[in-house]
Amino acid sequence: MVKLFNFIDRKSPIHALTGASKLACMMCWIFAAMVTFDTRYLIFLTVAAVALFQVSKIHLSDVKVLLIFTLVFLLLNNALIYLFSPEHGVTIYGSRTLLLHIVGRYTITSQQLLYHLNVVLKYTATIPVVMLFICTTQPSEFASSLNRIGVSYRISYSVSLALRYIPDVMKEFHDISLAQQARGVELSGKAGVFKRLKSATSILMPLILSSLDRIEVVSNAMELRCFGREKSRTWYREQPFLRNDYLAFICGFVLIAVSLLLNIPNGGRYWNPF
Amino acid sequence: MSSPIIQFENFSFQYKSQAEPTLHNINLSIYPGEKVLIAGPSGCGKSTLASCINGLIPFAYPGEQSGSLKISGEEAKDTSIFQLSKTVGTVLQDPDGQFIGLTVAEDIAFVLENACTPQKEMIPRVKAVSDKVGIGHHLDHAPDELSGGQKQRVSMAGVMINDVQVFLFDEPLANLDPATGKQAIELIDQIHRDTQAAIVIIEHRLEDVLWRDVDRIILMRDGKILLDSAPDQLLSTGLLLENGIREPLYLTAMRYAGVNITPEILPQSIRSVRLSEEDRRLVRDWGAQQLPAPAPEPGEALLSAEGIDFTYENGFHALKGVSLRIEKGELLAIVGTNGAGKSTFSKVICGFEKPQKGVLKFKGQDMSSLSIKERADRIGYVMQNPNQMISKSFIFDEVALGLRLRGVAEEEIARRVEETLKICGLYPFRKWPISALSFGQKKRVTIASILVLNPEMLILDEPTAGQDFRHYTEIMEFLRGLSALDITVVMITHDMHLMLEYAKRAVVFSQGQIIADDTSANILTSPDIIRRASLKETSLYDLALMCGAEAPNRFVQHFIDYDREARTHG
């Protein structure tokens, strides 16, 4: 069974942080990396992210699937950028250093290469941090973290409910699809795309119906236990903020601040060495 | 006497979407500390009554009501579902669906979290309550690491933690195997003694609930209260069977033997029953009678499994060298606890899983090269919940689906579908939308949709789960009819009545192996197998011992044969 959240329980300073500070820090980190196109700063963020990964004692093999997924996405993203605008970098940096002419409008320029490098660095600077958050945060703590950073507890709890029921629904999907295959519904590659889409409805219908049943039970069970009575709620699994949590917050804000301040010497979001 | 904690006075209720009231003129008082069982066939209004007590009616399911319902002295409709839940704690039927938290501790703490209880206070309270229900060592477990019985304990703890005055159990036995069900009844009894709260149990499995004493039984039918009396009184009348509820088997046997059942002999449970020497003789002699036993005809093997071994990807060794021979036209029960391997075995037969070792032969032919679809032409698989199979809006289309996917001509489809609908007793409904059918009828639609493919063997997962006695009998008689048409019927079940009454032969799985393959009567009278398979001894066995019958297993077998005769010939 595929697990959506893959919490890996190990002892490390990262694990010890509260979910809320990790979430806040991750969002600051992503924001900082998204805003800037300063290659130097992105390299710094990448190195820092990889270092944190070391600190957390999470191994590459733990996140293999996610890693491959991201890599494919990264390649696709770069390929598309090049395909649609092979001289995007030239427009941005306002100069053109031709290295190689391939065919038609497809050329290789230093500016375009730098631009691609920036895109790659954005991935490498953020993805490790996201993975860190996923692997070191207890699912139970996730909802309370969201609530702590200001999201309404009803919305936060729905995230927790999704984590709770998605594996059940997936198992049900699997069972239904087997039973329907036994009746002759073809889901393998042997059938055409259109036919397969049509077949999919014969699985979705029962899945939706039985999910509706489930939702009724869950919502009754929650109401019978007073969910939604008060304006706020407490959380069984919530950790108090410690010194490291405050440090993490400060780091997050510093990262954003640096990212924004770099706009001044760079005269915009791009660092232009040309 | 103190004032009632629950008081219905001339109470009627009609759901918004329905033309007729579901509850008529209910008068019922339940006092603090009482233990009450509410019984009745499906659709009698017992679940609606429960929803009125816990406030789902009218707050989640609106409708029209008249008369009065007071919970702890306050008119229920003027309060709120939240306020009511401080008095009434509900344990719903489905232990999986109501498990809300990501771990045991969080689920137990759920109601406290919602009441803004400080964390410091929650942790010790959760610990204390979880220890009371015996789940204290599993606080960090996720729901998928727990058994059905353990999940139910968590639900109980989640209600107990709120110090309620009424515990409401909605069909607590529906999803549990017999041995776990027995423990659940014991636990409810313990909660009753420890908390002094009132207990209301809604259940149609009377014999199982009466394993521990109750003060009163409320018998319901068609939205009315038919009888409100002590168990001994009720069991001495014939009202149960008349109203579609199964009476305890030991009482049926005593009736067959000619014992006069009166409140004085304390018929409430097999442990309380007092039989005179004369009555014991009656029972003993009756059990020793010989009925002309149908000669066992050696059947031709339809499916044979040899040394099937299967391990899941996660390393769970589910089947350990299983060998089994299933005969043509047989009605076979496969029993065992969750995780014993019975479901995996059926998946292997259907081709959903490939065994690492062993051979499966169908009519002597190796099946390993057959695809899921090809196997389905010979072996049909019916899931437990019909809602998981139905994908069309109309009965005809649903039953025709398999044929259409196999490219059969429309005329041929029409002929075969109609024929199948007739066999399944669904022909009068052929133009109906499926949504208008009852649960039992939906179940038959799913069986019809498999049957139309002309399989020689049917595998059914819990064919009668959640059915009352009448629907149970309907479905089972139908399956028996199929087996008379030479279709082999294999049932995976927890239901011991089903085993006893319909399966000539039962196969018991335990930890991936077959530990018994025998007649149902023999299995349900052998304590060792019962313990290992989490089954429960039938009360007939205890009756046989009590009356000094020579061979308890023959006594049970005699009951089965006699009961079958009695029921077919009225």
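The values are calculated or read from the model by the stated rules, or taken from the named source; none is laboratory data. Note that the structure is predicted; figures quoted are calculated from it, not measured. Neighbour counts are summed over all protein chains in view; Cβ atoms, including those assigned to glycine, are modelled from backbone coordinates with ideal geometry. Each accessible area value is taken on the protein alone, full model and side chains, heavy atoms only, with ligands, DNA and RNA left out. Shrake-Rupley method; radii C 1.70, N 1.55, O 1.52, S 1.80 Å.
The accessible-area ordering, largest first, of the residues B:Trp432, B:Trp286 stands as B:Trp432, B:Trp286, per a 1.4 angstrom probe.
Applying 1/(1 + (r/R0)^6) with r as the Cβ-Cβ distance of B:Asp377 and A:Glu230 and R0 = 56 angstrom yields a FRET efficiency of 0.45. Under the criterion of Cα pairs below 8 Å and six or more residues apart, the relative contact order for chain B equals 14 percent. Residue by residue along B:218-229, Cβ atoms of other protein chains within 10 Å of the local Cβ number 0 on average. How big is region B:298-361 by the Kirkwood estimate over distinct Cα pairs, in Å? Result for region B:298-361 stands at 12.3 Å. Solvent-accessible surface (1.4 Å probe) assigned to B:Ser438 amounts to roughly 50 Å². Across region A:27-167, the volume of the C-alpha convex hull divided among the residues equals 156 Å³ per residue. For region A:146-224, a Kirkwood radius taken over Cα pairs fed into Stokes-Einstein (10 °C, viscosity 1.306 mPa s) yields D = 107 µm²/s. Figure note: B:Phe439, A:Phe53 ranked by solvent-accessible area, largest first, 1.4 Å probe, ligands and nucleic acids not counted: B:Phe439, A:Phe53. Taking 7 Å steps out from each Cα toward its Cβ at B:Ser68 and B:Ser147 produces label points 4.8 nm apart. Annotation: amide H of B:Ser269 has no partner in the under-5 Å range at sequence separation 5 or more or interchain, hydrogens built in the peptide plane. Membrane-span-like helices in chain A (whole DSSP H runs, Cα extent of at least 15 Å along the helix axis, mean Kyte-Doolittle hydropathy of at least -1.0): A:19-35, A:39-55, A:64-84, A:110-136, A:153-183, A:193-224, A:243-261.
Loop-resident chymotrypsin sites (Phe, Trp or Tyr not before Pro) (DSSP state other than H, G, I, E or B) in region B:311-356 with no more than 13 further Cβ atoms inside 10 Å of their Cβ: B:Tyr312, B:Phe316.
Classify region B:367-443 as rounded, prolate or oblate, taking a ≥ b ≥ c as the square roots of the eigenvalues of its Cα gyration tensor: rounded when a/c is under 1.5, otherwise prolate if a/b is larger than b/c and oblate if not. Here region B:367-443 falls in the oblate category. Of interest is the spacing of the C-alpha centroids, which for region A:148-192 and region A:9-58 amounts to 31 Å. Measuring spread by the Cα atoms of region A:103-241 yields a radius of gyration and Dmax of 23.1, 69 Å. The heavy atoms of B:Glu537 offer some 60 square angstrom of accessible surface to a 1.4 angstrom probe. On region B:6-243, 45 percent of the accessible area sits on carbon and sulfur atoms, based on a 1.4 Å probe. Shown in residue order for region B:127-142 are the 3J(HN,Hα) couplings computed by the Karplus curve 6.51 cos²θ - 1.76 cosθ + 1.60 at θ = phi - 60°: 4, 4, 5, 5, 5, 4, 9, x, 10, x, 8, 10, 4, 9, 7, 7 Hz (x for Gly and Pro). Remark: chain A projects, on average over all directions, an area of 20.3 nm² (convex hull of Cα atoms).
In deg cm²/dmol and to the nearest 500, what is the mean residue ellipticity at 222 nm of chain A if only DSSP H runs of at least 4 residues count, each as -39500 (n - 2.57), divided by the residue total?
Computed ellipticity for chain A at 222 nm equals -23000 deg cm²/dmol.
Taken per residue, the accessible surface of chain B reaches 40 Å², heavy atoms only and a 1.4 Å probe. Take B:385-392, B:136-143 and order them by the average number of nearby Cβ atoms within 10 Å per residue, most first; the result is B:385-392, B:136-143.
The residues of chain A have, on average, 52 Å² of accessible surface per residue, using a 1.4 Å probe with all protein chains present. For region B:120-242, the antiparallel share of DSSP beta bridges with both residues in that region comes to about 50%. In this simple spin-label approximation, B:Arg415 and A:Ala16 carry label points 7 Å from Cα along the Cα→Cβ vector, and these lie 7.9 nm apart. Each Cα pair under 8 Å and six or more residues apart adds its separation to the average, and for region A:1-113 the resulting relative contact order is 19 percent.
Ellipsoid semi-axes for region B:383-539, based on the Cα gyration tensor and the rule √(5λ), read 33, 16, 13 Å when sorted largest first. Pick from A:Leu52, A:Leu117, A:Leu178 the residue whose mean-square fluctuation is largest in a GNM of chain A, springs joining Cα atoms under 10 Å. Among A:Leu52, A:Leu117, A:Leu178, the largest GNM mean-square fluctuation belongs to A:Leu178.
Counting only Cβ charges, +1 for Lys and Arg and -1 for Asp and Glu, the dipole size of region A:146-224 around its Cα centre is about 360 debye.
When only alpha carbons of region B:6-243 are considered, Rg and Dmax amount to 17.7, 55 Å.
Taking region A:8-49 and a reference point 7 angstrom along Cα→Cβ of A:Val159, the backbone N atoms nearer than 20 Å belong to A:8-9, A:14-34.
The calculated Kirkwood hydrodynamic radius for the protein assembly as shown is 30.9 Å, given to one decimal from all distinct C-alpha pairs.
How well do other chains shield peptide A:205-212, expressed as the mean number of their Cβ atoms within 10 Å of each residue Cβ? Before the final figure, lay out the partial values.
Numbers: counts 6, 8, 3, 2, 8, 6, 1, 1.
Neighbouring Cβ atoms belonging to other protein chains average 4 per residue here.
For the listed residue pairs B:Lys35/B:Lys86; B:Lys392/B:Lys442; A:Lys195/B:Lys363; B:Lys342/B:Lys536, the alpha carbons are over 22 angstrom apart in A:Lys195/B:Lys363. Applying Stokes-Einstein at 37 °C and 0.692 mPa s to the Kirkwood radius of region B:87-198, computed over alpha-carbon pairs, gives a translational diffusion coefficient of 236 µm² s⁻¹. May I ask for the net charge around A:Thr39, where only other residues with Cβ less than 15 Å from the Cβ of A:Thr39 are counted and Lys, Arg are +1 while Asp, Glu are -1? Taking every other residue near A:Thr39 into account, the sum is +2. Against the empirical curve 2.2 N^0.38 Å, the C-alpha radius of gyration of chain B lands at a ratio of 1.02.
I want to verify the translational diffusion coefficient of region B:519-567 in µm²/s; compute it with Stokes-Einstein, Rh as the Kirkwood radius over Cα pairs, at 10 °C and 1.306 mPa s.
Result for D is 144 µm²/s.
Here the Gaussian network model covers chain A, with springs between Cα atoms less than 10 Å apart; of A:Leu23, A:Leu100, A:Leu45, A:Leu100 fluctuates the most.
Taking every protein chain into account, the 1.4 Å probe leaves A:Phe7 with about 60 Å² of accessible area, to the nearest ten. If I model region A:57-118 as equal point scatterers sitting on the Cα atoms and use the Debye formula, what is log10 I(q)/I(0) at q = 0.14, 0.16, 0.22 Å⁻¹? Normalising to I(0) and taking log10 leaves -0.51, -0.59, -0.84.
Among A:Asp245, A:Asp38, A:Asp213, the largest mean-square fluctuation in a Gaussian network model of chain A (Cα springs under 10 Å) belongs to A:Asp213. Per residue of peptide B:116-127, the mean number of Cβ atoms on other chains within 10 Å of the residue Cβ is 2. Computed over protein heavy atoms with a 1.4 Å probe, the carbon and sulfur contribution to the accessible area of chain A reaches 72%.
When a 1.4 Å probe is rolled over the protein heavy atoms, the share of accessible surface on region B:349-462 that falls to carbon and sulfur comes to 50 percent. Across region A:146-224, C-alpha contacts under 8 Å between residues 6 or more apart give a mean separation that, scaled by the residue count, equals a relative contact order of 25 percent. Rounded to two decimals, the Cα radius of gyration of region B:321-427 over 2.2 N^0.38 Å is 1.26.
Here is the interface size for A with B: some 4900 Å² of accessible area buried, both sides summed, with a 1.4 Å probe. Around B:Leu146, under 12 Å between beta carbons, what's the net of Lys plus Arg minus Asp minus Glu among the other residues? It works out to a net charge of -3. Relative to the longest principal axis of chain B, what angle (0 to 90°, nearest 10) does the C-alpha long axis of helix B:395-405 take? Around 40 degrees separate the two axes.
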